Structure formats: structure tokens, C-alpha cells
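The values are calculated or read from the model by the stated rules, or taken from the named source; none is laboratory data. Not measured: the values here are computed from a predicted model. No Cβ is skipped: glycine too gets one built from the backbone with ideal geometry, and neighbour counts run over all protein chains shown.
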Amino acid sequence: MSNDLDETDLKLLGLLQDDGLQSMAELSKAIGIPASTLNDRVKRLGRLGAITGTHARLDPQVLGLNLLAFVFVGWSEVTVEADFLQRIAAAEQVLECHHVTGSWNYLLKVRVKDTRALETFLGTVLKQIKGLQRTETMIVLSSPKETMRLPTAP
């Protein structure tokens, strides 16, 4: 797909990542192309799959979700994976789920209110998965950098 993106597309994607609420007029001025052309470009980037949605980024502290944790999970029976993925997909506490290399099967990024809520999540979601053998939980003390912004430089 990256072959379908020119330098203007990459600049536009970068600007949209920085502030997705900018008007087409502001974006067209920043890039130097007419607003009508820009609108067509944004639609094309959506069709190409470069833009997968528009979302509001919420502050977890404002919502009372003060604890961020990473949880490694592991098992040895391949039959565990389907049930695990189904339960994780339904768990709103899980922000991200990554299939990883090494001695673990998956890494979860979990956001909850506090340690009690984390304990509840571990007990009611993860420990209920038959065949899940082990977990390791790391609580985040601080996050000097946390972004969803992807590099767009050509």
C-alpha cells in the first residue's frame, strides 16, 4: 500500500494524526492544494485503508482509569487460543492484545481503575480461561511517551 502514497498523502496523514479536527480549509492551506482536491484525497486514503477511522482520544485519568498494566499470558495447548481471543475481545479493560515471540503467547495492555479492579480482571477474565497456565503482570508507574502516531516521513 505504501507505494500508493505520495509525499502529499504522507504530509496529510501526518497533519491528520496531529489534529484530526482541522478543517479542510486549514489542511489545504498547510499542504498547498485546493480544498476540493484535498477532500478527494482524504476519501481515497480511506478507500486505500490508510485512514481506518476517526476517534476522540480520551484522558484515562479523567475517566478514573488510573492504572495501566501489561500482562503476559502463556499456555502450551493450542486449543486455548480460540477461547482466550474470544474472551479478550469482549473485555473492555484490554486496550491491546499482541501475539508475541519468546516464552509467552500474548501481551495485553490493560487499563483499569485501581489494583482491586486489576485483580478482578485477572480473576474473572484471565483465570477463567481453561488451559491458561501462567501470567505475569507489570504495573506501569509512569508513561513518559505514549502515542498512536505513526511515522509518516517519506
Discussion item. If a residue counts only when it is loosely packed, with under 13 Cβ neighbours inside 10 Å, which strands (runs of 3 or more DSSP E) contained entirely in segment 33-145 have at least 3 such residues?
Written reply: 94-99, 134-139
Worksheet item: Does segment 60-70 contain at least one residue that is among the aliphatic types (A, V, I, L, M), modelled with pLDDT under 95 and not assigned by TED's automatic domain parsing to the domain that holds residue 120?
Response: no
Discussion item. For segment 17-29, give me each residue that is surrounded by 14 or more Cβ atoms within 10 Å (Cβ to Cβ) and either among the β-branched types (Val, Ile, Thr) or touching a Lys or Arg at 6+ places or on another chain (Cβ under 8 Å) (or both).
Written reply: 17
